[in-house]
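Beneath this line is the structure, given in structure tokens, with notes to follow.
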């Protein structure tokens, strides 16, 4: 157990003589019934079988932050990092701030934030490895870095930037509520170290001594609707109507008197009046593996579904391709999807532990996507293998056809499940730019466009220009439908982002400024491709060589458009995280530190080369 010092100050001890029955969200604060067998069980901290004697051990605890008292001394950060032996580039608790007004009445409000040990921990539900557990003891959400394989999905879904992905160790870790101290009757290290008395801790909804507020929001704090975080605030000092972030996020907070709180709005002062390219940032982002995987997987699933269902939909061109170029086509599908899956696996912090991605299929959309795509891959390979045996009459036993059919059905089921959860895993409320039906329409459009284009291209390369010209009219209309769907989704997406405001509108603002030239190029290519494919589908060109040449140009142009669009999808997302500081948790400073070499100094807190 944690050893309590003889001279431990009184303020460091937990003290909650009275507690309420429910919290403000209607959830019971008592997490288990008194008759439950969970009572009296040890947490086995450091293999110690002892059990804490706190009478409130099985009640939900949480933090209370008095913003008016915080002086940004960072003592809470230092105490947390010292206790958890964190390197300089990780901090389970961090202090950011917002500021506003004009001289001499310029004001700043500091915010200290760690994990909020939420009632609805989306990190737990999203983690594919089941590295997270919400304990009945204190309501702590704990995470085991040894189980984690470093996918980072929990860092996407958390609205508060609590889970920290260590690019050096390739694993996630986070605040553990200092449960070892709680078992000994002590408050967490950060609370005990707070010089200004800004941080307090205890049973949730208990207002600390000398406090009279327990609000759910302060300026800069994301909406509580997503996870019901266990943190309460006091902030009584009058603040300016507009509060700005010191980091590079194009956001500020505007006081909405009707709602009685500050709401995020776009800060156009942080944008550039002219459009920029930023190609290095666009095409060299941390998420390149996801770009490759999603494009490859959607292309192959789209092509396979066309091969299976195309004949029933009247696409005779698909029948021709299956008879004339079956083996080269399935070999291509195998290679494309294998490359995508390999890139995604190597993107993990611990690639050799990829098998842990199946651990949480009951809750995690990531696990379900992995299971679906894996089933699809195995079924597709089986169908290609057994059908090749049948086509070349290598084995003529009757059960081979049955195996081919069973493999095809498995691939279809896996493809549908994998594709659906590939979409669902991006419907993240904490990332408004993704949380729109356009994510799904874009994925379907990619499957239609690139799946049809791949069939057309492989068929033409194997059987010649005349073959490609014969297939083109039917497949071109499928490609046309995909491009049109992509365009409709993008128009609706831009409209809705501007209307909803907040982080979504800020993403759209960056789309038009920081990445404006790439955004315009993508839109121009979309229109040109739509026109070119319509011309090809209408059969206005009849010469096989001309048709083949234009088809290859169209395929390459569509591929470029798809890559730019998917790169924008990842690089533009702005999460609903707390504001950082000028040097800490500031995207622009991290980029500057890596560019200038400051990141080579560990004390700067920026890792030079991210995983």
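Can you name the residue in the range 436-465 that is modelled with pLDDT of 95 or more and part of a loop (DSSP other than H, G, I, E, B) and is also surrounded by the fewest Cβ atoms within 10 Å (Cβ to Cβ) among such residues? Top of the filtered list is 437. Going by what's in this entry, would residue 150 be described as at pLDDT below 95 and under 25 Å from residue 70 (Cβ atoms)? The answer is no for residue 150.
The listed residues are 554, 534, 567, and the only one of them that is buried (at least 19 other Cβ atoms within 10 Å of the Cβ), modelled with pLDDT of 90 or more and more than 19 Å from residue 508 (Cα to Cα) turns out to be 554. The conditions of being within 27 Å of residue 149 (Cα to Cα) and part of a helix (DSSP H, G or I) are met by residue 335.
Taking the criterion of being at pLDDT 90 or above and in a helix (DSSP H, G or I), the residues of the range 571-589 that qualify are 571, 589. Of the residues 102, 66, the single one that is in contact with a strand residue (DSSP E or B) (Cβ under 6 Å, 6 or more places away or on another chain) and either surrounded by 15 or more Cβ atoms within 10 Å (Cβ to Cβ) or at pLDDT below 90 (or both) is 66.
Within this structure, residue 507 passes the test of being buried (at least 18 other Cβ atoms within 10 Å of the Cβ) and either under 23 Å from the mean Cα position of the chain (by Cα) or not assigned by TED's automatic domain parsing to the domain that holds residue 555 (or both). For the range 105-134, the set of residues classified as closer than 21 Å to residue 26 by Cβ and either touching a residue at least 24 places away in the same chain (Cβ under 8 Å) or buried (at least 22 other Cβ atoms within 10 Å of the Cβ) (or both) consists of 116, 117, 118, 119, 120, 121, 122, 124, 125, listed by residue number. Could you tell me whether the range 167-184 includes any residue that is farther than 17 Å from residue 122 by Cβ, in contact with a helix residue (DSSP H, G or I) (Cβ under 6 Å, 6 or more places away or on another chain) and in a loop (DSSP other than H, G, I, E, B)? Checked the range 167-184: at least one residue is farther than 17 Å from residue 122 by Cβ, in contact with a helix residue (DSSP H, G or I) (Cβ under 6 Å, 6 or more places away or on another chain) and in a loop (DSSP other than H, G, I, E, B).
Inspect the range 149-171 for any residue being at negative phi, crowded, with 24+ Cβ neighbours inside 10 Å and without any contact (Cβ under 8 Å) to a residue 40 or more places away in the chain and give the result as yes or no. Checked against the condition, which is being at negative phi, crowded, with 24+ Cβ neighbours inside 10 Å and without any contact (Cβ under 8 Å) to a residue 40 or more places away in the chain, the range 149-171 yields at least one hit. Could you say which residue among 507, 565 is out of contact with any strand residue (DSSP E or B) (no Cβ under 8 Å at 6 or more places or on another chain) and farther than 30 Å from residue 262 by Cα? After applying the criteria, what remains is 565. Under the condition of being at positive phi and surrounded by 15 or more Cβ atoms within 10 Å (Cβ to Cβ), the residues counted in the range 69-99 number 2. Of all the criteria given as (1) in the same structural domain as residue 17 (by TED's automatic domain parsing); (2) at negative phi; (3) at pLDDT 90 or above, the one not satisfied by residue 205 is (2). Taking the criterion of being touching a strand residue (DSSP E or B) at 6+ places or on another chain (Cβ under 6 Å), more than 17 Å from residue 55 (Cα to Cα) and assigned to a loop (DSSP other than H, G, I, E, B), the residues of the range 189-209 that qualify are 198, 208. Within the bounds of the range 540-556, is there any residue that is free of Cβ contacts under 8 Å to residues at least 12 places away in the same chain, touching a helix residue (DSSP H, G or I) at 6+ places or on another chain (Cβ under 6 Å) and in the same structural domain as residue 467 (by TED's automatic domain parsing)? Within the range 540-556, one or more residues are free of Cβ contacts under 8 Å to residues at least 12 places away in the same chain, touching a helix residue (DSSP H, G or I) at 6+ places or on another chain (Cβ under 6 Å) and in the same structural domain as residue 467 (by TED's automatic domain parsing). Here is a list: 549, 554, 581, 588. Which entry is more than 28 Å from residue 350 (Cβ to Cβ) and in contact with a strand residue (DSSP E or B) (Cβ under 6 Å, 6 or more places away or on another chain)? Exactly one of 549, 554, 581, 588 is more than 28 Å from residue 350 (Cβ to Cβ) and in contact with a strand residue (DSSP E or B) (Cβ under 6 Å, 6 or more places away or on another chain), namely 581.
Here 568, 490, 528, 540 are screened, and the one residue that is farther than 30 Å from residue 159 by Cβ and not in a loop (DSSP other than H, G, I, E, B) is 528.
The values are calculated or read from the model by the stated rules, or taken from the named source; none is laboratory data. Keep in mind it's a predicted model, so treat the numbers as computed, not measured. Cβ atoms come from the backbone with ideal geometry, glycine included; neighbour counts cover every protein chain shown.
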